[in-house]
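Novice: Next up is a structure, given as structure tokens.
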Amino acid sequence: MATSNLVEVQNVTFGYDERQVLKDINLVVPQGKVVAIMGLSGCGKTTLLRVIGGALLPDRGEVRVAGRVVNKLSDSELFALRRRMGMLFQFGALFTDMSSFENVAFQMREHTNLPESIIRDLALMKLQAVGLRGAADLMPSELSGGMARRVALARSIALDPMLMMYDEPFTGLDPISLGVIGQLIRRLNDSLGATSIVVTHDVAEALELVDYVYYMSAGKVEFQGTPDQVRAAGLSSLRQFVYGEPDGPVPFHYPAPDYRQDLFAQ
Amino acid sequence: MTGRLAELVRALGARIVDNWIWRLGFACRFLWFTLKESGPSFRRFHLTIREIYFTGVLSLIIILVSGLFVGMVLGLQGYDTLVRYGSSEALGVLVSLSLVRELGPVVAGLLFASRAGSAITAEIGLMKATEQLSAMEMMAVDPIARVVAPRFWAGVISMPLLAALFSAMGVFGGYLVGVRLIGVDEGSFWSQMQAAVDFREDVLNGVIKSLVFGIAVTWIAVYEGYDAPPTAEGVSGATTRTVVTSSLVLTALMFRGR
Ligand SMILES: Nc1ncnc2c1ncn2[C@@H]1O[C@H](COP(=O)(O)OP(=O)(O)OP(=O)(O)O)[C@@H](O)[C@H]1O
Ligand SMILES: [Mg+2]
């Protein structure tokens with residue numbers, strides 16, 4: 001069982017305060033697959049990744065990665081597990097006091113005893129994969145938004161992790177980089193025998209790329225299936241999401257009092 | 001009336017407990033973790049060297065210039081007073097003792113808090129606000145070991161050196177004004193100083209004092225940064241608190257040290 005599913009999330013409930021953000025989530029990520037988590041803004045995708053990475057402890061339920069219960073590990077065991085995980089943060093989170101190259105080399109320096117010449121080659125290879133070898137010596141403040149995300153991506157795959165979590169890898173990318181990054185995610189996954197979780201709003205790209213889709217809504221998994229099942233699904237809220245329709249069962253607005261009353265309250 | 005008074009006392013107590021005792025407890029735990037995770041700061045000393053450059057070397061200008069001027073003022077005012085009692089040759093003693101024992105560590109500490117302490121707080125606070133610290137944790141690197149401890153040790157190492165330079169510069173400033181400008185006898189200026197300043201009683205005492213100040217200021221700075229709310233206001237508030245708290249703590253420690 002533990003060999004077939006790299007990640008198992010069982011009945012996980014989580015809230016930052018009283019308000020529950022994740023409500024009884026169940027989800028598995030099979031070994032070697034690329035799984036997408038989609039859903040509206042604010043539905044708890046980033047939170048879910050944090051829970052899987054052990055950065056947040058669930059109020060209830062269990063998260064297993066590679067057969068180990070993440071929320072019951074000691075600090076040192078958690079760190080040992082994290083060495084084999086990579087996470088691309090939604091806002092990049094590059095170290096602003098280091099160049100692109102230093103950012104990518106960071107984990108190699110921290111966790112390995114490789115000689116400097118090999119670290120240099122490895123880091124340049126990662127940067128080459130995202131098309132930014134030429135930007136190796138630029139500081140994060142000198143990068144454009146899309147470039148910064150690609151450097152962050154190169155950094156997150158630096159140690160060839162067994163589990164990759166990408167939080168919105170496609171935002172801010174032009175169509176060409178978007179396609180390249182999509183292929184890169186797939187290729188890395190397949191050539192390294194890794195497993196990937198991709199959080200994204202980019203439905204078209206995701207349906208091309210992934211093996212399986214979880215669609216979240218208000219802290220719950222509302223739909224799951226293969227890309228073909230998603231395209232064919234009759235679920236109206238999912239249809240609305242996939243085809244980007246303004247009208248449908250999913251409200252665009254965060255819950256608020258009546259608009260008219262709010263405006264003319266005086 | 002008594003009800004209102006009780007209310008007031010209770011509110012005051014709650015504020016003190018929440019703002020001071022509670023935070024002091026966290027700060028102590030934080031210091032303990034920092035000390036426990038200090039291995040890499042020394043094993044990979046280049047991490048600490050880099051921070052010594054930012055906290056120590058970049059503070060040099062302000063420390064040297066202030067030291068010179070404080071010494072010059074001491075020379076001028078000291079001469080003014082001493083000459084009334086006909087003992088202007090003791091100027092060297094006055095200048096050097098006030099600097100080495102008191103002013104050096106304290107003024108250098110205050111300057112250090114506002115120059116380097118605030119920078120440390122702002123940097124760590126911003127790293128937290130931009131998720132760099134969380135990212136580091138996700139990469140299985142402890143931010144306390146990698147970010148906090150090297151900055152802490154850099155501050156602790158820099159501060160006594162800066163205070164010593166401040167005092168040296170001050171003595172030189174006193175010499176410039178007293179001997180060069182006013183014309184106190186050069187020989188007695190230096191020989192009296194040499195005779196009166198005791199290495200253990202005065203110099204070593206000053207060094208220990210500045211070491212304690214360095215620990216206090218850097219501890220406050222790294223803690224405030226690490227504890228800052230991850231927003232722009234949060235970081236700016238923490239930076240202000242670093243300077244205010246360190247100044248108050250330095251003043252308190254100064255009288256404690258008498
Ligand atoms: N640090 C926090 N403290 C309190 N509430 C938070 C915090 N972070 C997120 N939330 C709340 O949790 C909910 C889910 O946030 P999350 O960041 O997981 O959403 P998301 O699905 O990643 O959205 P997006 O697609 O916009 O990135 C939101 O309603 C948000 O208001
Ligand atoms: Mg998100």
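Novice: Return the residues of the stretch B:143-176 that are under 20 Å from A:Ser156 (Cα atoms) and either among the basic types (Lys, Arg) or surrounded by fewer than 21 Cβ atoms within 10 Å (Cβ to Cβ) (or both); say none if nothing qualifies.
Specialist: Listed by number, the residues that qualify are B:Pro143, B:Arg146.
Novice: Quick check: is even one residue across the stretch B:220-241 within 12 Å of the chain's Cα centre (by Cα) and either farther than 22 Å from B:Phe69 by Cα or in a loop (DSSP other than H, G, I, E, B) (or both)?
Specialist: Within the stretch B:220-241 (the criterion being within 12 Å of the chain's Cα centre (by Cα) and either farther than 22 Å from B:Phe69 by Cα or in a loop (DSSP other than H, G, I, E, B) (or both)), the answer is yes, since at least one residue qualifies.
Novice: Next up: Exactly one condition in (1) part of a helix (DSSP H, G or I); (2) hydroxyl-bearing (Ser, Thr, Tyr); (3) within 14 Å of chain B (Cβ to nearest Cβ) is not met by A:Ser117; state its number.
Specialist: Condition not satisfied by A:Ser117: (3).
Novice: Here are A:Leu192, A:Leu184: which of them is in contact (Cβ under 8 Å) with a residue 40 or more places away in the chain, within 26 Å of B:Met139 (Cα to Cα) and either surrounded by fewer than 17 Cβ atoms within 10 Å (Cβ to Cβ) or not polar (S, T, N, Q) (or both)? Break it down into steps so the answer makes sense when it comes.
Specialist: Numbers: A:Leu192 fails: in contact (Cβ under 8 Å) with a residue 40 or more places away in the chain.
None of the others qualify; the one that does is A:Leu184.
Novice: While we're on this one: Report every pair of residues separated by at least 6 positions or lying on different chains whose Cβ atoms are under 6 Å apart, first residue within the stretch A:19-45 and within 14 Å of chain B (Cβ to nearest Cβ) and under 23 Å from A:Leu184 (Cα atoms), second in a strand (DSSP E or B) and within 16 Å of ligand 1 (Cβ to nearest atom).
Specialist: From residues that are within 14 Å of chain B (Cβ to nearest Cβ) and under 23 Å from A:Leu184 (Cα atoms), there are no pairs.
Novice: Tell me whether the stretch A:25-32 contains one or more residues that are within 16 Å of ligand 1 (Cβ to nearest atom) and over 26 Å from A:Val210 (Cα atoms).
Specialist: Let us first name the residues in the stretch A:25-32 that are within 16 Å of ligand 1 (Cβ to nearest atom), namely A:25, A:27.
Checking which are over 26 Å from A:Val210 (Cα atoms) leaves us with none.
For the stretch A:25-32, residues within 16 Å of ligand 1 (Cβ to nearest atom) and over 26 Å from A:Val210 (Cα atoms): absent.
Novice: If you don't mind, there's one more thing I want to ask. Filter the stretch A:75-96 down to residues that are within 16 Å of ligand 1 (Cβ to nearest atom) and within 7 Å of another protein chain (Cβ to nearest Cβ) and give me whichever is surrounded by the fewest Cβ atoms within 10 Å (Cβ to Cβ).
Specialist: Our first condition is that a residue be within 16 Å of ligand 1 (Cβ to nearest atom); within the stretch A:75-96, this holds for A:87-93.
Keeping just the survivors that are within 7 Å of another protein chain (Cβ to nearest Cβ) gives A:87, A:89, A:91, A:93.
On the way: A:Met87: 27, A:Phe89: 24, A:Phe91: 16, A:Ala93: 25.
Looking at residues that are within 16 Å of ligand 1 (Cβ to nearest atom) and within 7 Å of another protein chain (Cβ to nearest Cβ), I get A:Phe91.
Novice: Name the pairs whose Cβ atoms lie under 6 Å apart, with the first residue in the stretch A:79-95 and on the phi > 0 side of the Ramachandran plot, the second not in a helix (DSSP H, G or I), and 6 or more positions between them or separate chains?
Specialist: What qualifies is A:Ala93/B:Glu131.
Matching residues to (1) under 19 Å from B:Lys209 (Cα atoms); (2) at pLDDT below 95:
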site: B:Phe69; (1), (2): no, no
site: B:Gln77; (1), (2): no, yes
site: B:Arg84; (1), (2): no, yes
site: B:Gly92; (1), (2): no, yes
site: B:Ser98; (1), (2): yes, yes
site: B:Glu102; (1), (2): yes, yes
site: B:Thr121; (1), (2): no, no
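Let's see how each residue does on (1) hydroxyl-bearing (Ser, Thr, Tyr); (2) more than 12 Å from chain A (Cβ to nearest Cβ):
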| site | (1), (2) |
| --- | --- |
| B:Thr121 | yes, yes |
| B:Glu131 | no, no |
| B:Met136 | no, no |
| B:Met139 | no, no |
| B:Val147 | no, no |
| B:Pro160 | no, yes |
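Novice: From the list B:Thr34, B:Thr2, pick out the single residue that is modelled with pLDDT under 90 and either closer than 19 Å to B:Ala149 by Cα or surrounded by fewer than 17 Cβ atoms within 10 Å (Cβ to Cβ) (or both). Give the derivation first.
Specialist: Working: B:Thr34 fails: modelled with pLDDT under 90.
One residue alone meets the criteria, B:Thr2.
Novice: Within the stretch A:59-74, identify whether any single residue is over 25 Å from A:Gly193 (Cβ atoms), within 14 Å of ligand 1 (Cβ to nearest atom) and surrounded by fewer than 17 Cβ atoms within 10 Å (Cβ to Cβ), and answer yes or no.
Specialist: Yes, the stretch A:59-74 contains at least one residue that is over 25 Å from A:Gly193 (Cβ atoms), within 14 Å of ligand 1 (Cβ to nearest atom) and surrounded by fewer than 17 Cβ atoms within 10 Å (Cβ to Cβ).
Novice: crowded, with 21+ Cβ neighbours inside 10 Å, within 14 Å of chain B (Cβ to nearest Cβ) and within 16 Å of ligand 1 (Cβ to nearest atom): is that true of A:Arg155 in this structure?
Specialist: The answer is no for A:Arg155.
Novice: Count, please, the residues in the stretch B:74-117 that happen to be among the polar types (S, T, N, Q) and more than 22 Å from B:Thr251 (Cβ to Cβ).
Specialist: Counting residues in the stretch B:74-117 that are among the polar types (S, T, N, Q) and more than 22 Å from B:Thr251 (Cβ to Cβ) gives 4.
The values are calculated or read from the model by the stated rules, or taken from the named source; none is laboratory data. Given the structure is predicted, the values throughout are model-derived calculations rather than measurements. All Cβ positions, glycine included, derive from the backbone under ideal geometry; neighbour counts span all protein chains shown.
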